[in-house]
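No lab work stands behind these numbers, since they all come straight from the coordinates. All of these numbers come straight from a predicted model, not from anything done at the bench. Counting neighbours? That spans all protein chains shown, and the Cβs are built from the backbone with ideal geometry, glycine included.
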Amino acid sequence: MFIAEIGLNHNGSIYAAKKLIKMAKDAGADVVKFQKRTPDITVPEHQKSVMRKTPWGDMTYLDYKKHIEFGKDAYDEIDKYCKHIGIQWTASVWDIPSLDFIMNYNVPFIKIPSANLTDDELLKAIGKTEMPVVLSTGMSKPHEIRHAMCLLHKNRVTLMLCNSSYPSLDEELDLNAMETLREEYSEAIIGYSGHEMDILPSITAYAMGAQVIERHITLDRDDWGTDQAASLEPDQLKELITSMKRINIIKGKNKIIVYPAEEIAKKKLRR
């Protein structure tokens, strides 16, 4: 499965959100994902009144977060548009009211971002839903991952190896750690959520057995927003998904076969 993470790269524009959804659909993604927050809850108190320069003028950080946050009308439109073009959608939830909000829609799973892996209150609430969960492990120590998995024991969990640097460095990706996760959490699906600037690590992760790949997507890396630089533009997204499909073909069967084209070579080359 490929998750195309739109996140907040729409910058509060439903028009941009639809373009990103269509971009993901055209490239062959399975799901598009947004991020849902309640800014009054998720913005730290010491940050709420800090002034920030934005494309929409100077405003407090809290007002900025509210400006780019989609509400019910926008998500109703997203839901309708995704059904129309034939792609699923979901969201990362950052607080309990956001979880309750997203549960009003028929989403295939709930995403728990790395930042919320240690939010016991939120994880317990998600656990009660018994919904499928995708959980990213960025910034997390082994005992924190273990504790989160215990809280989600009633959910079918896809555990995503993740480095939360934006963008991530090759030497800090440690894709071999997927095998560590696979050994400890045999009941979980193991995937990879990448924040690197190119596509090779994601291709490598898929070739190494990641069953789910998640990448941020953008219309233009030069657009406003902290996630844009680590996001894939349309050509990169299409190349990555095409490469993943080709990997499945290349891996092929688990037995030795002499194919018809080889029989022709065999007649010419063997005595």
Long-range amide H partners of Glu214 with built H, under 5 Å: Ile3, Tyr192, Ser193, Gly194
Helix-only [θ]222 nm of the chain, DSSP H runs n ≥ 4, -39500 (n - 2.57) each, per residue, nearest 500: -12000 deg cm²/dmol
Residue with peak Gaussian network fluctuation, the chain [Cα springs, cutoff 10 Å], from Gly252, Gly71, Gly28: Gly252
Nonlocal amide H pairs with Trp89, under 5 Å, H built at 1.01 Å: Val32
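With charges only on Cβ, +1 for K and R and -1 for D and E, what is the dipole size of region 2-269 about its Cα centre, in debye, rounded to 20?
Its charge dipole is roughly 1080 debye.
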Fluctuation leader among Asp119, Asp174, Asp58 - the chain, Gaussian network, Cα springs under 10 angstrom: Asp58
Residue order, fewest to most surrounding Cβ atoms within 10 angstrom, among Ser98, Ser186, Ser243: Ser186, Ser243, Ser98
21 Å Cα-Cα reach of Lys154 towards lysines, excluding residues that sit fewer than 8 places from it in its own chain: Lys111, Lys124, Lys128
Candidates Asn104, Asn11, Asn155, ranked by Gaussian network fluctuation over the chain, Cα under 10 Å, top entry: Asn104
Antiparallel bridge percentage (DSSP; both residues within region 2-269; nearest 5): 10 percent
Reach of Lys48 by Cα under 17 Å, taken over lysines that are not fewer than 8 positions away in the same chain: Lys65, Lys66
Relative contact order [Cα under 8 Å, 6+ residues apart], region 139-222, whole percent: 28 percent
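By counting other Cβ atoms within 10 Å of each Cβ, how are Glu233, Glu187 ranked from fewest to most?
If I rank by nearby Cβ atoms, fewest first, I get Glu187, Glu233.
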For Tyr15, Tyr166, order by how many other beta-carbon atoms lie within 10 Å, fewest first: Tyr15, Tyr166
In sequence order, calculated HN-Hα J values of region 70-84 (Karplus, 6.51, -1.76, 1.60; Hz; x Gly/Pro): 7, x, 4, 4, 5, 5, 4, 5, 4, 4, 5, 5, 5, 5, 5
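I need the trypsin sites (Lys or Arg not before Pro) found in region 83-156, filtered to DSSP loop residues with at most 15 other beta carbons within 10 Å of theirs.
Those that pass, being in a loop and sparsely packed, are Lys154, Arg156.
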³J(HN,Hα) computed for each position of region 171-188 - Karplus, 6.51 cos²θ - 1.76 cosθ + 1.60, integer Hz, glycine/proline x: 6, 10, 7, 6, 4, 4, 5, 4, 5, 4, 5, 5, 5, 7, 10, 5, 7, 9
Using θ = phi - 60° and Karplus 6.51 cos²θ - 1.76 cosθ + 1.60, couplings along region 224-236 (whole Hz; Gly, Pro as x): 5, x, 6, 8, 4, 5, 9, 9, 8, 7, x, 5, 5
